[in-house]
1. If contacts are Cα pairs under 8 angstrom and at least 6 residues apart, what is the relative contact order of the chain in percent?
2. Which three extents, in whole angstrom, do the alpha-carbon atoms of the chain cover along their principal axes, largest first?
3. Considering only the other residues whose Cβ falls under 15 Å of the Cβ of Lys350, what net charge follows from Lys and Arg at +1 and Asp and Glu at -1?
4. Farthest toward the dipole's positive end in the chain, which of Ser97, Ala15, Leu257, given Cβ charges of +1 (Lys, Arg) and -1 (Asp, Glu) about the Cα centre?
5. Put +1 on the Cβ of every Lys and Arg and -1 on every Asp and Glu Cβ in the chain; which of Leu40, Ile225, Leu190 then has its Cα farthest towards the positive end of the dipole?
6. If you take every DSSP beta bridge whose two residues both sit in the chain, what share of them, in percent to the nearest 5, is antiparallel?
7. Given labels modelled 7 Å from the Cα in the Cβ direction, how far is it in nm from Arg432 to Gln413?
8. Rolling a 1.4 angstrom probe over the protein heavy atoms, how many square angstrom per residue are accessible across region 294-410?
Amino acid sequence: MAQARYKQLVDELAAEIRAGRLQPGTRLPTHRRLAERHGLALVTASRVYAELEAMGLVSGEVGRGTFVRETTLPPGQGADQQAVAAGLVDLNFNYPSLPGQADLLRNALRQLAAGGDLEAMLRYAPHGGRMHERACIARHLKSRGLVAEPSRVLLVDGAQHGLAVTVMALLQPGDVVAVDALTYPGFKVLAEAHRLELVPIPAAGQGPDLDALERLCAQRRVRAIYAMPTLHNPLGWVMGESRRRRLVAIARRHGLLIIEDAAYAFLADGPQKLAPPLAMLAPETTVYVSGLSKSVATGLRVGFVAVPDAWVPKIERAIRSTTWCTPGVTTAIACAWQDDGTVARLEAEKRQDATTRQVIAADALAGLRCVRHPASYFVWLPLPEETRADRVAAALVREGVSVSTAEPFATSQQVPHALRLALGSVGLDKLRSALQTVRRVVGEQSY
């Protein structure tokens, strides 16, 4: 009978929420009060809320209670981060582009047709790329402060593919991976697909709390750490050299694999002057992953990984099992642009573009607390006390603006009420207007 009542109560509350009779943001009774009201055991009342949370209808927040979620929020603002609806101003995804890039591609294709070895592009390439292409990427990495022999550099179909083959080749289901409490959603998706256990490390200033990492390694058998030391997504930090060296020391002491994601590192001013990549400090235990999607064009799916010699065959095998090789046409264009200075020029222009957008953001969001890097393409916006991110995001959709909540980025059980604003996908005038809308709506939802 208790089981039937429990299921009935789940259905009743779900119907109330879906019908709008329980409004988004409504604080539900405590577990104990729910149990008393309906004659249930406390553990059964907890199961009721757990099922509603699994259905995406409520969210439990430590120290605050259980709240009705905003169910009208499109999937693009939830964990799946799907493409936003047509007609919305997109502050959810970053696909930065510069004027004239289409002409660059048109000219590159003409040059390729006129002088390239087209016959070779119709055949399979080696899994990790042709050696002259790997040497080209090694020269590019040197500009980012990483010296790696071409034999240790492998081409992949974008940085996400680089992360995927790293996980496939070097980790096993059930492995414990330390990650930032707020991290790149694409790695969360990989972890779920490969059944990795992600354990969150809180932030401490410009980087992860390394004391917390030390404690975790003392308590658990941690296999790897996933890190973004230069231009963290979404918090924009750049870790200092001393913190990097301590992270490396922890990794060596506990036998951790380091996965270094440098997708946005090109935006940090003067990469060669910054603290060295983790892969430079600990080349024997670090996989460095990056690509040209953000720095050149999102459709140019050319990424690269730099790995220790011993792991090259394993990564090549993972590339073979997924895509076999990176298409010759795209790698030829990428290498030609690297050699003629186009990549360096586009990266410099995008640093300036991102800086301009951050100036606009600082002005448009004046009065709100913002966490950001002055040359990044995103802003992290913690919301005022008692302001719910799902309600703000839903209100913004009604105003024609799409943003992301913290949910896709959070690895901890407690998801902060915050927004991540992507600045790189719309024109400057539209960006200013959209950010002003964000400020206004946050203010309205804060009362």
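1. Working: 780 pairs, mean separation 92.6, N = 447.
Relative contact order here is 21 percent.
2. Principal axes ranked by extent give 76, 50, 43 Å for the Cα atoms.
3. +1
4. In the chain, that residue is Leu257.
5. Of the options given, the answer is Leu40.
6. Restricted to the chain, the bridges split so that about 55 percent are antiparallel.
7. Taking the simple label geometry, Arg432 and Gln413 are separated by 4.7 nm.
8. Values: 4360 Å² over 117 residues.
Accessible surface, normalised per residue, equals 37 Å².
The values are calculated or read from the model by the stated rules, or taken from the named source; none is laboratory data. Values in this document were obtained by computation on a predicted structure and should not be read as measured data. For neighbour counting, all protein chains shown are included, and Cβ atoms are generated from backbone atoms with ideal geometry for every residue, glycine included. When the accessible area is computed, the model is the full protein with side chains, heavy atoms only, and any ligands, DNA or RNA have been set aside. Shrake-Rupley method; radii C 1.70, N 1.55, O 1.52, S 1.80 Å.
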